[in-house]
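Below: the structure, in structure tokens.
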Amino acid sequence: MTTITSISRGQIAQTLAQAHGPFMLHLEPHDRIRLLQYMATIYSCLGYRRKEVYVLRELLSTMMDVVVCSRDEFLKSSQVERGKSVLKLDMGNVGLRESEIMDGNDSVIRLVKYVCEVYGVDLTEVKLLGPGDEGKVSTPEDEPVEGHKMQYGWDELQLGVVREAVAIVEALPGLPFLCLCILQSIQPISLDYAIVAQFDLSALKALRAVLAPSDQTYLYTNSAKALVTARRRGDDRRIEYWSGNPVVSIEVTP
């Protein structure tokens, strides 16, 4: 097409970049999401993966702003309803769960995985195993001696992207999948605790050489809590061993 029209990919990208600026903040959230979606699609068609995921990160941020705003409105309305006879209780705590609507959550997770993959981080490096997947555990021959795949990319950028990914997955509520705790603060329920644990441990496995000790501690403790919560809710999936090869050699001693 460049040969026929004498229009290069760079010219198209330069024209497209003019649609991205501070004036986008004056748009309504849904219009901003639609515009960012179109921009990411065109960058993808041009083969500009880095620019595509740059726009996708902003798209995810805008989408999560909408989720948080809708959650706040729901909580405010729920707090008003708590004073009415529908939810009026004299003593005790009762947990009420609204109907679970997970539409769109899988798409958001796929976007998060794709963004991290382009930046050189595989958030599915640590596998989720079901009851019949005992034979699918990766063996030492499948991995390098270091215990993880060869990483590429800028460490500081990867850390920022991983933090965003973990925060997004933890914040997905599956609206209106919320828990109304009567006579207590209202806390939203997370989307999928097994996925949260998988992302945490995959990030820890891939970036442990550059992660600060505090970040490593947070990812590990958060994954452990997520796994406990997942098991308590009947999720029988488990995480494969993620910390490389613990046995270096075996020798017979007298």
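The values are calculated or read from the model by the stated rules, or taken from the named source; none is laboratory data. Treat the numbers as computed from the prediction; the structure is a model and nothing was measured. Note that we place each Cβ from the backbone using ideal geometry, even for glycine, and neighbour counts take in every protein chain shown.
Would you check which residues across the range 221-240 are loosely packed, with under 15 Cβ neighbours inside 10 Å and at pLDDT 85 or above and list them?
Keep residues of the range 221-240 that are loosely packed, with under 15 Cβ neighbours inside 10 Å, which gives 221, 224-225, 228, 231-234, 236.
Thr221, Ala224, Lys225, Val228, Arg231, Arg232, listed by residue number.
Can you tell me which residue in the range 187-216 is modelled with the lowest pLDDT, limited to those that are within 21 Å of Glu240 (Cα to Cα) and hydroxyl-bearing (Ser, Thr, Tyr)?
Result: Tyr193.
In the set Glu164, Glu117, Glu146, Glu141, which member is in a helix (DSSP H, G or I), modelled with pLDDT under 85, over 21 Å from Arg238 (Cα atoms) and not aliphatic (A, V, I, L, M)?
Every option except Glu141 fails the conditions.
Across the range 225-252, what is the total count of residues that are among the hydrophobic types (A, V, I, L, M, F, W, C), closer than 16 Å to Leu128 by Cβ and without any contact (Cβ under 8 Å) to a residue 12 or more places away in the chain?
Looking only at that region, the number is 1.
How do the helices (runs of 4 or more DSSP H) wholly within the range 1-54 filter down when requiring 2 or more residues that are touching a residue at least 24 places away in the same chain (Cβ under 8 Å): which remain? Can you show your working first?
Working: elements: 2-5, 9-17, 29-46.
Of the helices (runs of 4 or more DSSP H) lying wholly inside the range 1-54, those with at least 2 residues that are touching a residue at least 24 places away in the same chain (Cβ under 8 Å) span 9-17, 29-46.
Can you confirm whether Ser61 is polar (S, T, N, Q), closer than 24 Å to Gly120 by Cβ and either touching a Gly at 6+ places or on another chain (Cβ under 9 Å) or not in a loop (DSSP other than H, G, I, E, B) (or both)? Break it down into steps so the answer makes sense when it comes.
On the way: polar (S, T, N, Q): yes; closer than 24 Å to Gly120 by Cβ: yes; either touching a Gly at 6+ places or on another chain (Cβ under 9 Å) or not in a loop (DSSP other than H, G, I, E, B) (or both): yes.
It is true that Ser61 is polar (S, T, N, Q), closer than 24 Å to Gly120 by Cβ and either touching a Gly at 6+ places or on another chain (Cβ under 9 Å) or not in a loop (DSSP other than H, G, I, E, B) (or both).
For the range 12-40, enumerate the residues that are closer than 20 Å to Leu111 by Cβ and of a type in the set (Val, Ile, Thr).
Within the range 12-40, just Ile33 meets the criteria.
Under 7 Å between Cβ atoms, which residue pairs at least 6 apart in sequence (or on different chains) link something in the range 197-215 that is in contact (Cβ under 8 Å) with a residue 12 or more places away in the chain and under 14 Å from Leu128 (Cβ atoms) with a partner that is surrounded by fewer than 18 Cβ atoms within 10 Å (Cβ to Cβ) and among the charged types (D, E, K, R)?
That search, which allows pairs on different chains as well, returns Ser202/Asp122.
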